[in-house]
1. Please state which of the following conditions Leu60 fails to meet, knowing it meets all the rest: (1) out of contact with any Lys or Arg (no Cβ under 7 Å at 6 or more places or on another chain); (2) surrounded by 14 or more Cβ atoms within 10 Å (Cβ to Cβ); (3) among the hydrophobic types (A, V, I, L, M, F, W, C); (4) over 25 Å from Ser28 (Cα atoms).
2. Give Gly129, Gly139, Gly103 a once-over and let me know the one that is within 18 Å of the chain's Cα centre (by Cα), open to solvent by less than 60 Å² (accessible area, probe 1.4 Å) and within 28 Å of Phe47 (Cα to Cα).
3. Any idea which of (1) of a type outside the set (Val, Ile, Thr); (2) modelled with pLDDT of 90 or more; (3) over 30 Å from Leu154 (Cα atoms) is the one Gly69 doesn't satisfy?
4. On the basis of being touching a residue at least 24 places away in the same chain (Cβ under 8 Å), open to solvent by less than 70 Å² (accessible area, probe 1.4 Å) and under 25 Å from Val200 (Cβ atoms), does Leu154 make the cut?
5. May I ask you to say which residue of Phe115, Phe172 is at pLDDT 90 or above and either in a helix (DSSP H, G or I) or under 15 Å from Leu83 (Cα atoms) (or both)?
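The values are calculated or read from the model by the stated rules, or taken from the named source; none is laboratory data. Only a predicted model underlies this, so the values are computations on that prediction, with no experimental measurement involved. Because the Cβ atoms are built from the backbone with ideal geometry, glycine has one as well, and the counts that use them run over all protein chains shown. Surface areas here come from the heavy atoms of the whole protein model, side chains and all, with no ligands, DNA or RNA. Shrake-Rupley method; radii C 1.70, N 1.55, O 1.52, S 1.80 Å.
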Amino acid sequence: GAKRAEAMRVWEYCGKMALRAWGLSRFSRRAAMVFLAGFLAGLVLVFIGQEGLVQNTAFLNHDSLEGIGALEINRQRLMLYSLRQRLFPAGLLVLASAAGAGGIAVCLFLLWSGFCAGTLLSVLSLRYGIRGVVLFVGGILPQAFLLVPAFWLLCGWCISSGLKRGGKTGRFSVDGGMLVLILCALLGGCALEGYVNPSVWGQMFLLFQI
């Protein structure tokens, strides 16, 4: 009887883990589609209106990039700026989840993130070709290795967990542990963006001096 009860508990645990993994996989597919929709919207906007948005403007032109490349970057201030830029939307997502609007907030966040990425990449590629793509990649590395998974996990947390009412204490501890992990990843990503990315960014600007 004891062995059978233990086996049942193991099967129940495995079933819950499999169900949660399936739910995470389904969320990842849907989230990727939402992000891709925003990304394509940014591409289409720039390519359709490239005359007004790119050719006749100074946005990310050669002179502006040279000015950026010549700046003396205060890495501590850059890290503090990065903290504000990353923690503010993360806090909004958590608050929206607590208010029961996590799904809407995640959808808007993914759409806007995709749109911004698509817009910047398309402008850089139109102006500089493959060098623009390399510059775009250099602008998000190495911090993207921590920030992207952190926000992806946070979006999944807002959808699947949030701050569920009526949950068990154990569930709250699991959710709290996930938030701590996400926060650590965000802080690490901001540190990389403030102290490491300027060096990478500087190397990328050498492409425009060739």
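1. Evaluating Leu60 over (1) out of contact with any Lys or Arg (no Cβ under 7 Å at 6 or more places or on another chain); (2) surrounded by 14 or more Cβ atoms within 10 Å (Cβ to Cβ); (3) among the hydrophobic types (A, V, I, L, M, F, W, C); (4) over 25 Å from Ser28 (Cα atoms) leaves (1) as the failure.
2. Working: Gly129 fails: within 18 Å of the chain's Cα centre (by Cα); Gly103 fails: within 28 Å of Phe47 (Cα to Cα).
Only one candidate passes the filter, namely Gly139.
3. (2)
4. Working: touching a residue at least 24 places away in the same chain (Cβ under 8 Å): yes; open to solvent by less than 70 Å² (accessible area, probe 1.4 Å): yes; under 25 Å from Val200 (Cβ atoms): yes.
So Leu154 passes the test.
5. Values: Phe172 fails: at pLDDT 90 or above.
After ruling out the rest, the residue left standing is Phe115.
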